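Have a look at the structure below before the remarks.
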Amino acid sequence: MDNLSQIKSNLRNIPNFPKPGINFKDITTILNQTSIFKFVIDGLAQKLTTIDFDTIVAIESRGFIFASPLAYILNKNLVLVRKKGKLPHKTFDIDYSLEYGINSLSIHQDSLSDQNKTVIIDDLIATGGTAKATYDLIQQSGASVGCVLFFIELVALKGRHLFPDHLVQSLIQE
Ligand code: AMP
């Protein structure tokens with residue numbers, strides 16, 4: 001079995017979590033297997049080889065899991081986008097709707113400048129609202145976005161359509 005097939009076969013689906021109608025993609029069954037998690041990080045790193053960027057912007061919380069090793073192995077800055085109220089310094093904030101609820105995200109006002117070229121990373125894109133809100137926060141800082149990268153893309157929800165002018169990539173399409 002090739003690497004992508006092994007990753008796919010180890011992803012766990014949890015129907016009707018956290019509410020009816022949501023088919024939750026459980027990544028914990030990837031994380032607790034050394035070789036499979038390594039395939040994921042290597043596969044994501046491969047997607048960034050042609051992108052000119054200096055900073056990874058990671059989305060709380062599962063985005064952090066993938067962004068941190070990528071920042072380390074690719075030698076990039078790591079900037080955190082967190083749920084509102086978690087970052088201790090001055091923030092830009094945004095409210096947006098999620099596939100299952102409403103959320104608010106924040107970024108430190110001084111974590112990026114108009115000199116930074118970023119890549120956004122999260123575990124999964126569903127409707128795209130979370131990534132788009134993150135993009136809007138980055139815009140406030142003046143930095144550019146060279147790519148939006150996900151471990152998993154729920155293709156039917158068409159989240160990538162929120163980024164008509166950007167490169168959107170995913171390792172696994174479900
Ligand atoms: P969205 O804003 O609709 O693209 O939702 C993406 C965010 O919600 C990501 O941070 C995911 O971690 C989480 N998420 C949404 N839908 C799912 C799902 N079906 N399984 C796992 N995580 C999900």
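The values are calculated or read from the model by the stated rules, or taken from the named source; none is laboratory data. All figures in this text were calculated on a predicted structure; none of them were measured in a lab. Heads up, the Cβs are rebuilt from the backbone with ideal geometry, glycines too, and the neighbour counts pull from every protein chain shown. Only protein heavy atoms, including side chains, enter the accessible area calculation; ligands, DNA and RNA are left aside. Shrake-Rupley method; radii C 1.70, N 1.55, O 1.52, S 1.80 Å.
Observations, loosely collected:
- Ellipticity estimate at 222 nm from DSSP helix runs (n ≥ 4, -39,500 (n - 2.57)) divided over the chain, nearest 500: -9000 deg cm²/dmol
- Fraction of accessible area attributable to carbon and sulfur, the stretch 4-163 (%, probe 1.4 Å): 50
- Here the chain is treated with +1 on each Lys and Arg Cβ and -1 on each Asp and Glu Cβ, and its dipole about the Cα centre works out to around 360 debye.
- His161 - accessible surface, heavy atoms, 1.4 Å probe, Å² rounded to 10: 120
- The shape of the chain comes out oblate: with a ≥ b ≥ c from the C-alpha gyration tensor, a/c is at least 1.5 while a/b does not beat b/c.
- The chain, relative contact order [Cα under 8 Å, separation at least 6], %: 18
- The residues of the chain expose, per residue, 50 Å² of accessible area to a 1.4 Å probe.
- Ser97 accessible area, 1.4 Å probe, all protein chains in place, Å² to nearest 10: 80
- Of all DSSP beta bridges confined to the stretch 50-173, the antiparallel ones make up roughly 30%.
- In nm, spacing of pseudo-spin labels at Ser68 and Ser97 (7 Å Cα→C-beta vector): 3.4
- Applying 1/(1 + (r/R0)^6) with r as the Cβ-Cβ distance of Ala156 and Gln6 and R0 = 30 angstrom yields a FRET efficiency of 0.80.
- With Cα atoms, 0 to 90° folded angle of helix 129-141 axis to the chain main axis: 30
- Cα gyration tensor, the stretch 7-90 - rounded (a/c under 1.5), prolate or oblate: oblate
- For the chain, the residue among Ala133, Pro20, Ala45 whose Cα projects farthest onto the positive side of the dipole built from Cβ charges is Pro20.
- Peptides 72-79, 134-141, 149-156 ordered by average Cβ neighbours within 10 Å, highest first: 149-156, 134-141, 72-79
- 14 Å beta-carbon shell around Lys117, net charge (K/R +1, D/E -1): -2
- Selection from Ser170, Leu80, Gln6 lying farthest towards where the dipole of the chain points positive, charges on Cβ: Gln6
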